[in-house]
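Below: the structure, in structure tokens.
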Amino acid sequence: MRILISAGEASGEMYGAQLIEALRRRQPALEFFGVGGQRMRDAGCDTVVDAKDLAVVGITEILSHLPKIYGLFHRLIAEADRRRPDLAIVIDSPAFNWRVARQMKMRGIPVVYYVAPQFWAWRQGRVRLLRKYITKALVIFPFEEKFYRERGVDATFVGHPLSDLPEPGISRDAYAAQCNLHPTKQWITLMPGSRVKEVRMNLPTMLDTASQLGTGFEFLLPIAPTLDRTFLEEKTRQHGITLVPEALPALWHSRAGIVASGTATVEAAIMSTPFVMVYRVSPLTYVLGKPRIKVPHFAMVNLIAGERVVPELVQRDFTRENVVSRLREILPDGMPRDTMLAGLTRVKARLRSPDSADARSAPDRAADEVLALLPAGGTLAAPK
């Protein structure tokens, strides 16, 4: 059996790799092709389109990339017509993936949306696209199942793919030696986003913040799989920032973080790292997008908690002075830090399966839902 899987950015690509591995543990003969990056290739996916080529953010920014994106889309669909998958899995990236879902639906191929679009946050009318083209939605936030089911979408909460991640096994001293970090200084992790445009909008103020905080800290910047190391080296060369290969060990050993809105905020919560959430887009994108936002918080951890756990500095509020001020509240031991840590603990608990007796990980639960939609429940027919 053959599965098309499409994941268009760093977080989706990570979730795609986890899901492929979970599916292969159950059915080793399954074949995968589609959109992804190195993690999915390592898991055994033949990537027809590289996720890096779809890493575009913002309403106005997407317009200039449309010809390239449509070319990649048609390449994927042509390959689907050639390989004729038994099922399609699309992950996040709704601007690209709902079109993939529509084409698969037109061909009679069941479609699973894993990490369903955040239409509850804005453009709620677009839920009709899921209702029309998706066979099953697998959602990763607890409040999403009710939202989508009330609107006619067959949705199941499977838990967040990051919720069961173990603590990084490397010690602080070993990590310091590995990454050439000063072991006695406090470390702060900078996560400006996984797309080039995000980094260009968010990183300069993060670097200004690092300069103001001074040499008493070490600043770590994990390299997202969708970004080139040389690009980040050029941006950080004059600022004494240490580039590191993975986000989770950096967050785990950091005293705090400055984290762009998105999946990275959930990673910080899972690693119990206090942080300040920041974000900036182009002025036109912000003006066009803000009236459509239907939720009270920008940070995912605040939405999950139903309260303000971490500070949110968005657009004009995202200044060096504001970030420094918020960091100085949570860096030392005391009530502000303890309160945030308690809130992050509540968030982690809500990201796990609602059934405490279910010991499966989120990718394992998602894999079982996927296999149930394959012919004969994913069981490969014996050769004749």
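Below is a table of values for the structure above.
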{"item": "Candidate set: region 161-175, residues that are touching a helix residue (DSSP H, G or I) at 6+ places or on another chain (Cβ under 7 Å) and at pLDDT below 90; chosen: the one surrounded by the most Cβ atoms within 10 Å (Cβ to Cβ)", "result": "Pro161"}
{"item": "Residue list for region 281-331, restricted to those being at pLDDT below 85, assigned to a helix (DSSP H, G or I) and not aliphatic (A, V, I, L, M)", "result": "Pro283, Thr285, Tyr286, Gly289, Lys290, Pro291, Arg292"}
{"item": "Candidates Glu329, Glu307, Glu312, Glu321 - the one that is open to solvent by 20 Å² or more (accessible area, probe 1.4 Å) and within 17 Å of Thr345 (Cα to Cα)", "result": "Glu307"}
{"item": "Residue check for Met206: hydrophobic (A, V, I, L, M, F, W, C), assigned to a helix (DSSP H, G or I) and either free of Cβ contacts under 8 Å to residues at least 24 places away in the same chain or open to solvent by 20 Å² or more (accessible area, probe 1.4 Å) (or both)", "result": "no"}
{"item": "Enumerated helices (runs of 4 or more DSSP H) restricted to region 1-117, each holding at least 2 residues that are of a type in the set (Phe, Trp, Tyr) and at pLDDT 90 or above", "result": "none"}
{"item": "Criterion: modelled with pLDDT of 95 or more, of a type outside the set (A, V, I, L, M) and surrounded by 19 or more Cβ atoms within 10 Å (Cβ to Cβ) - qualifying residue of Phe141, Phe157, Phe219", "result": "Phe219"}
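Quick grid of which residues meet (1) aliphatic (A, V, I, L, M); (2) open to solvent by 10 Å² or more (accessible area, probe 1.4 Å); (3) within 20 Å of the chain's Cα centre (by Cα):
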position: Gly12; (1), (2), (3): no, no, yes
position: Arg25; (1), (2), (3): no, yes, no
position: Leu30; (1), (2), (3): yes, no, no
position: Gly44; (1), (2), (3): no, yes, no
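The values are calculated or read from the model by the stated rules, or taken from the named source; none is laboratory data. What you see is a predicted model, and the numbers here were worked out from it, not measured in a lab. For neighbour counting, all protein chains shown are included, and Cβ atoms are generated from backbone atoms with ideal geometry for every residue, glycine included. These accessible areas exclude ligands, DNA and RNA; they are computed on the full protein's heavy atoms, side chains included. Shrake-Rupley method; radii C 1.70, N 1.55, O 1.52, S 1.80 Å.
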